[in-house]
Structures are given as C-alpha cells and as structure tokens.
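Every number in this text was worked out from the coordinates using simple rules, so none of it is lab data. Since we're looking at a predicted model, the values are computed, not measured. Cβ placement follows ideal geometry from the backbone for every residue including glycine, while neighbour counts extend to all protein chains displayed.
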Amino acid sequence: MSSSNAAVAHPEVEQQAAASKPKRQPRYHVILWDDPEHTYAYVIAMMQELFHMSETQGRKLAEQVDTTGRAICLTTTLEHAELKRDQIKAYGRDPNSMRSKGSMSASIEPAT
C-alpha cells in the first residue's frame, strides 16, 4: 500500500484557513439606568417597542432596574448598541408620570 494517499498536515494551509475566518466583533451591553421619574408601564412599553420584548420580559427588566439600579437590555455589536442607547435616550417623557421631564438614561459598556 502506498503512503502517497495518506493525509499530510500542511501548516501553511491551516494558518490561511484560520486567518480567513471572519473575526467576531466585540460585544457591548446596552444598560438602562433607574430613576424615580418613570413608571413600570413606561419601561415595559419602551422595551416592547424598541427591543421587541414581551410584556413579561419587559416587566422583569423593569423590576430589575428598580431593584438593582440598572439592567442590561441587549448585548450586541458596538454600532447596534449605540443605536439602541440613542433610541432609549430619545424615547421621550413618561406620560403616566407628572415628575417625568424626559427620557430614561442609558449607556453602553463592553461585554466581558
């Protein structure tokens, strides 16, 4: 039997294959910050509209923001995280709260 048909490792080919794989973009968290001016209903509606969450998911996120002071809404690429942060900041005041003067605060941070 000839050994010419045996598989031979080619380091150059393996390096080229590894180098040609697209690199995964770094991930970022979109953080929603708590404040006393916005109601649960506002947070739930915003999460449904901007993040396509169910009412139950939105309520859980609202509860987390209320209890811990912040919640991660989404983990995504930097560009998408910036868009979602900006959408939160532009969402407007809470019509159910007399104290609400504007949108909630949001930020982005690198996911670890």
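Quick one: how many lysine pairs does segment 23-110 have with C-alpha atoms less than 21 Å apart and a gap of 8 or more or different chains? Give me the count, please.
4
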Convex hull of segment 23-110 built on C-alpha atoms - directionally averaged projected area, nm²:
5.4 nm²
Placed amide H near LEU74: partners under 5 Å, 5+ positions off or other chain
VAL30
Förster-model FRET efficiency, 35 Å R0, ALA41 and LYS21, C-beta, rounded to 0.05:
0.15
Kindly write out, for segment 69-79 in residue order, the coupling ³J(HN,Hα) from the Karplus curve 6.51 cos²θ - 1.76 cosθ + 1.60 (θ = phi - 60°), rounded to whole Hz, with x marking Gly and Pro.
x, 6, 8, 7, 8, 6, 10, 7, 6, 4, 4
Treating only the Cβ of Lys, Arg, Asp and Glu as charged (+1, +1, -1, -1), what charge dipole size does segment 23-110 show about its Cα centre? Round to the nearest 20 debye.
260 debye
Backbone HN-Hα couplings from phi across segment 34-51 [Karplus 6.51/-1.76/1.60, Hz, Gly and Pro as x]
6, 7, x, 8, 10, 8, 4, 4, 5, 4, 4, 4, 5, 5, 5, 6, 8, 10
